[in-house]
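The values are calculated or read from the model by the stated rules, or taken from the named source; none is laboratory data. Small disclaimer: the values here were computed from a predicted structure and weren't measured. We place every Cβ from the backbone using ideal geometry, glycine too, and count neighbours over all the protein chains shown. In case anyone asks, the SASA skips ligands and DNA or RNA and just uses the protein heavy atoms, side chains included. Shrake-Rupley method; radii C 1.70, N 1.55, O 1.52, S 1.80 Å.
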Amino acid sequence: MERWVKVLLGTFFGSLGSFIFFLIFDRILQHIRRMRTRGVEEKNGGDSSIPMRVKLNKDKANREEMEKLVYEEYDTEKHEVLAICMETPTIAVGISLFMNDREAEYYWEKFPECCVKHTSGDDFIFRNLMTAVSYWGSKWTMAEAVNFLVQSGNLVRNVSKGTTRQWRAVNQFEEKHSFRFFIQWTDNYVCDEVCNDELWEELVNLAKQLVNSSETELESAWENFPVEHWKRKRVRVNGINFHLVPHPGDIATMEVDRPVEVTDDLVEYLR
């Protein structure tokens, strides 16, 4: 018999023997594991579960404290903010999500009459951006990231250049309150994390829904928002916020059709 034939046959039968030995050895190990498991179950009376005692606490304060310990998909241990402004020539909407605190604030306002009358091009978009930045700037103090979405690609480019009047207007608040501002376009943005993509997308949809809603429909717009159970309140901005972007002509007095009381009583968690 040729030498190469002997080597080939030896390799084949050696491999076959090793495979058969593995199958037999594996069956023996499985049998031993089953015997041990059966012995433990017999020792515990057939109950392998861990006994637990659940105590229901109806105290609201304790319940809210426990809810803070529950894992949230979108919250973070860092001071980070996700915000957006959306507007028409007559309506301004802004939303700010405080990720670490699990809180949301928003406003829905009509632009003052003078701003509507003397607007030039897309100035109303820049006007609403500065309204949001000036109102929430102090609350964004020391934020590691303020991711801000706007509907104008041109405004994003102007703020990002670092030499324009739009950049200077935002930068004065960024330096004063020591937060890091990252502006992006609603039609072409990049999330910092993949898991937040749904939240960013739904935030854009929510802002669009709010800007096209009447004042009586605002709360219902939040129903399908991923973090609608977070503490939430509506805030009111004023004429000073709107007029950080100047316009020619007289400044009209800002009117509120129906006063809305802004308190710290935020929406309760849904059960």
Seminar exercise, completed: Checked pairs for the stretch 143-159, first under 8 Å from Gln184 (Cα atoms), second aliphatic (A, V, I, L, M) and surrounded by 18 or more Cβ atoms within 10 Å (Cβ to Cβ), C-beta under 6 Å and 6 or more apart or across chains, list as Asn147/Leu82; Phe148/Ala83; Phe148/Ile183; Leu149/Ile84; Val150/Leu129; Val156/Ile183
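Here's the yes/no breakdown for (1) at pLDDT below 95; (2) in contact with a His (Cβ under 6 Å, 6 or more places away or on another chain); (3) closer than 22 Å to Gly239 by Cα; (4) surrounded by fewer than 14 Cβ atoms within 10 Å (Cβ to Cβ):
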position: Gly94; (1), (2), (3), (4): no, no, yes, no
position: Leu97; (1), (2), (3), (4): no, no, no, no
position: Ala104; (1), (2), (3), (4): no, no, no, no
position: Pro112; (1), (2), (3), (4): yes, no, yes, no
position: Leu129; (1), (2), (3), (4): no, no, yes, no
position: Lys139; (1), (2), (3), (4): no, no, yes, no
position: Val150; (1), (2), (3), (4): no, no, yes, no
position: Asn158; (1), (2), (3), (4): no, no, no, no
position: Asn196; (1), (2), (3), (4): yes, no, no, no
For this session: Considering (1) touching a Ser or Thr at 6+ places or on another chain (Cβ under 8 Å); (2) in a strand (DSSP E or B), say which one Phe148 fails and leave the rest.
Result: (1)
Exercise. Do you know which residues across the stretch 205-220 are crowded, with 17+ Cβ neighbours inside 10 Å and under 17 Å from the mean Cα position of the chain (by Cα)?
Worked result: Leu206, Ala207
Exercise. Scanning for something touching a residue at least 12 places away in the same chain (Cβ under 8 Å) and within 16 Å of the chain's Cα centre (by Cα), does the stretch 107-124 turn up at least one residue?
Worked result: no
For this session: Filter the stretch 160-188 down to the residues that are basic (Lys, Arg) and either open to solvent by less than 50 Å² (accessible area, probe 1.4 Å) or more than 26 Å from Glu103 (Cβ to Cβ) (or both), then identify the one that is farthest from the chain's Cα centre (by Cα).
Result: Arg165
